[in-house]
Amino acid sequence: MKKVPKTLEEIIKGGKPLRNVNAEHRMRLSSLDKFAVWITENVGTMGFFLIIFFWTLVWLGWNVFTPAEFHFDPYPAFVFWLFISNMIQLFLMPLVMIGQNLQGKHAEARAEADFEVNTRSEQEIEAILIHLENQNDLLLEIQEKIDKK
């Protein structure tokens, strides 16, 4: 028994319309969400790390190796600098985590959209293969009729 393939119209009518998940994601973000994503994308780079690292080296080096009259941050300020850097970390950590959560949700939406596209493509390919099998059967029947003559 031959398998009757779906027509292209049936496949198109049966599927959901394709959507741009990236545009939908951007439209759903509030300004605070956009800020968190921006922080996540920019703080999580080697450039940001190098800026903070070299700034700390310059800061500490200047206050340790220059003559005392040129120190702009004498001894007790080092402790204050460490406190401030810890506070920065405490504030950045939740922002980065929020940004990562938003990016994770976006990745899940993209994966879902990819799955929908792949499912539709699989149905279309299956329909094409069935049509090709039917054409092959018809060609074999025609060949047999020609050979009998």
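Every number here is computed from the coordinates shown, using simple stated rules; none is lab data. Just so you know, these numbers come straight off a predicted model, no measurement behind them. Here the Cβ is made from the backbone with ideal geometry for all residues, glycine too, and neighbour counts use every protein chain on show.
Using a Förster distance of 35 Å, how high is the FRET efficiency between Lys34 and Leu57, based on the Cβ-Cβ distance and rounded to 0.05? Show your work: numbers first, answer last.
On the way: r = 32 Å, r/R0 = 0.93.
Once the sixth-power term is evaluated, E becomes 0.60.
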Here the stretch 20-110 gives, from Cα atoms, an Rg and Dmax in Å of 18.7, 61
For Ile130 and Glu116, extending 7 Å from Cα along the Cα-Cβ vector and measuring point to point gives, in nm, a value of 2.3 nm
Counting Lys and Arg as +1 and Asp and Glu as -1, what is the net charge of the other residues whose Cβ lies under 14 Å from the Cβ of Glu108?
-1
